[in-house]
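The values are calculated or read from the model by the stated rules, or taken from the named source; none is laboratory data. Given the structure is predicted, the values throughout are model-derived calculations rather than measurements. With ideal geometry, Cβ positions are generated from the backbone for all residues, glycine too; neighbour counts draw on all protein chains shown.
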There are 2 protein chains.
Amino acid sequence: MILTVTLNAALDVTYQVPRLRPGEVHRVAGVHERPGGKGVNVARVLHGLNEPVLATGLVGGGTGAAIRTLLGEIRHSFVDIAGISRRTTVVVDGSSTTGFWEPGPEVSGPEWESFVAHYAALLRISRVVVLSGSLPPGLPVDAYARLIELARSVEVPVVLDASGEPLAAGVAAGPDIVKPNAHELAIMSGMAVGAFEAGAVELVEAEAVAAADAVRDGGRTAVVASLGPHGLVASTGDGRWHARPAAALTGNPTGAGDAAVAALAFGLAYRVPWPQRLADAVGLSGAAVLNPVAGTISQTDYARLRRAADVREV
Amino acid sequence: MILTVTLNAALDVTYQVPRLRPGEVHRVAGVHERPGGKGVNVARVLHGLNEPVLATGLVGGGTGAAIRTLLGEIRHSFVDIAGISRRTTVVVDGSSTTGFWEPGPEVSGPEWESFVAHYAALLRISRVVVLSGSLPPGLPVDAYARLIELARSVEVPVVLDASGEPLAAGVAAGPDIVKPNAHELAIMSGMAVGAFEAGAVELVEAEAVAAADAVRDGGRTAVVASLGPHGLVASTGDGRWHARPAAALTGNPTGAGDAAVAALAFGLAYRVPWPQRLADAVGLSGAAVLNPVAGTISQTDYARLRRAADVREV
């Protein structure tokens, strides 16, 4: 079983409006709600692949109750907190998608300790742990580091997908895989932010591989960076690869990173060789982009895009 | 005690963002929640004036629980429904206020009957009833008409503030006061929509009084129309008046109409003569405009603006 941890779980709300006009009142015709947060999205992708998965994390209030209810068939075991889980509202009109991300509930020290104990118990039945997303207010910056140390102490491998200081502190604790995006990779490796957003693929590849090497620094943590349309670069103890989609895809990029993390977790669980693991990640990401609802994928798209992925050792 | 009815109660959520940019993701710094819906706003104004008030209506789900909790000291007795109460989200940046109104929960037939029975019991302890705002999905278009007939059968006077078909059906049931805005007045009287939005005050007054007369049609229902910066016109069995603020006010017009309704309900409860009642309504509306939080007012602003109101028989 793969355990996904979502400390700042969210209720994702989508509002359909004919056209977003700042300064006006919009009567929302369609309201769609579903549970979210990066770890929950990873769990949804794995569940869709019929992979045994358990979603855990922190939830509270009416929003938390809605998250639990809407998880439906996705197995979950969240710890209750007094605060109210955040909502992430997305306003969709014909031409644009506009997001409003609440910061999340304040988590108390005892609530955090209660979660750590719950997590330690769940580790005993987990093959892999996925730690994803932002920390809610009140959690220590080394929250992921502590969860990684606990997993390592019982030899459960860890995938970390975070940002900012919690990511830096988490990487120092030695997860098995860390999945930064281009922006996070640039910051962690000390390169100029934005270096990966322009230029040809070759330039991106050379820079990204150098940055991933710098972050790995010869250590145990494999660095797999997601570069949007340029695919993934991986710097690992077994070698370096660049995995690219066969063609540019247009669609909804939200959730593509979470789909890649699902493939990396699956690969860790079954010791899938790196080239195939990266092709799986490119295929799942691409299938997520093609699907209008983040985190759900078509098996047909996945199979086709995985086969078409271009994986080269560099 | 004044009874306010809010069939489509809401959780009003305000998001503070530096600048609203369609197509982008906004990390919301400040989230503020409070109970809303027009009847709840009327109750808040009356409570602020130390007037005994009870808020009723329908609430459900986590949003409904939050509405109840956040009502705080405002007395309330809502009926539970299985659906989830709506949220109305307002995004505020430095220069604009953008609203997203959810439609509200589906209400079943038995839930509606349960509310009607609860309302009939509350009527026995009410001096005046205020019926305000939209109907949630599932309620019959004659919902307000039925509540008005019940109030009339036990001689409790009614103020109605609604729109569209529920307003038209409600007016036919003979409330004591109906408070359309300019748009609703135009539609009900058969005049061109927009007739009250341009032109000099004198023109607005003549047209608005004629329209209010047409809606009243010699019947028992006093028609008090709110015309934004042009104040209120009233067509009643006792005469016709135009009540105007002494000067144009800049601020937040949200809730100004609800403040006027609070004054009209108070006036019915204590049989306040029409000119004073309309001055109260202009003063409370103006005080609401000057306050950044809809539905809360400063007693000082209220006293000053009430004294300064210009009320003329026409």
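Of note:
- Total residues in the range B:117-129, condition surrounded by fewer than 16 Cβ atoms within 10 Å (Cβ to Cβ), within 15 Å of B:Val53 (Cα to Cα) and not basic (Lys, Arg): 1
- Filtered residues of the range A:295-314 (kept if surrounded by fewer than 12 Cβ atoms within 10 Å (Cβ to Cβ) and under 12 Å from A:Leu49 (Cβ atoms)): A:Gln299
- From the list A:Leu7, A:Leu46, the lone residue that is at pLDDT 95 or above, surrounded by 20 or more Cβ atoms within 10 Å (Cβ to Cβ) and over 20 Å from A:Val116 (Cβ atoms) is A:Leu46.
- Selection status of B:Leu46, within 26 Å of B:Gly286 (Cα to Cα) and of a type in the set (A, V, I, L, M, F, W, C): yes
For (1) over 16 Å from A:His47 (Cβ atoms); (2) among the aliphatic types (A, V, I, L, M); (3) within 20 Å of the chain's Cα centre (by Cα), each residue gets a yes or a no:
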residue: A:Asn252; (1), (2), (3): yes, no, yes
residue: A:Gly255; (1), (2), (3): no, no, yes
residue: A:Ala259; (1), (2), (3): no, yes, yes
residue: A:Ala308; (1), (2), (3): yes, yes, no
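- Residues satisfying the stated conditions in the range B:8-23, i.e. within 7 Å of another protein chain (Cβ to nearest Cβ) and touching a residue at least 40 places away in the same chain (Cβ under 8 Å): B:Tyr15, B:Leu20
- Single condition A:Gly286 does not satisfy, out of (1) in a strand (DSSP E or B); (2) closer than 25 Å to B:Gly23 by Cβ: (1)
- Residues of the range A:24-70 that turn out to be more than 17 Å from A:Gly83 (Cα to Cα), among the polar types (S, T, N, Q) and in contact (Cβ under 8 Å) with a residue 24 or more places away in the chain, as a count: 1
- From A:Ser132, A:Ser114, residue being hydroxyl-bearing (Ser, Thr, Tyr) and crowded, with 18+ Cβ neighbours inside 10 Å: A:Ser132
- Test: residue in the range B:258-278 that is free of Cβ contacts under 8 Å to residues at least 60 places away in the same chain, in a helix (DSSP H, G or I) and under 25 Å from B:Thr97 (Cα atoms): no
- Residues that are touching a residue at least 60 places away in the same chain (Cβ under 8 Å), over 22 Å from B:Val13 (Cα atoms) and in contact with a helix residue (DSSP H, G or I) (Cβ under 7 Å, 6 or more places away or on another chain) within the range A:71-98 comprise just one, A:Phe78.
- Whichever residue in the range B:58-106 is within 10 Å of chain A (Cβ to nearest Cβ) and of a type in the set (Phe, Trp, Tyr) and, among such residues, is surrounded by the fewest Cβ atoms within 10 Å (Cβ to Cβ): B:Trp101
- Any chance A:Pro137 is within 12 Å of chain B (Cβ to nearest Cβ), surrounded by fewer than 17 Cβ atoms within 10 Å (Cβ to Cβ) and under 22 Å from A:Ala173 (Cα atoms): yes
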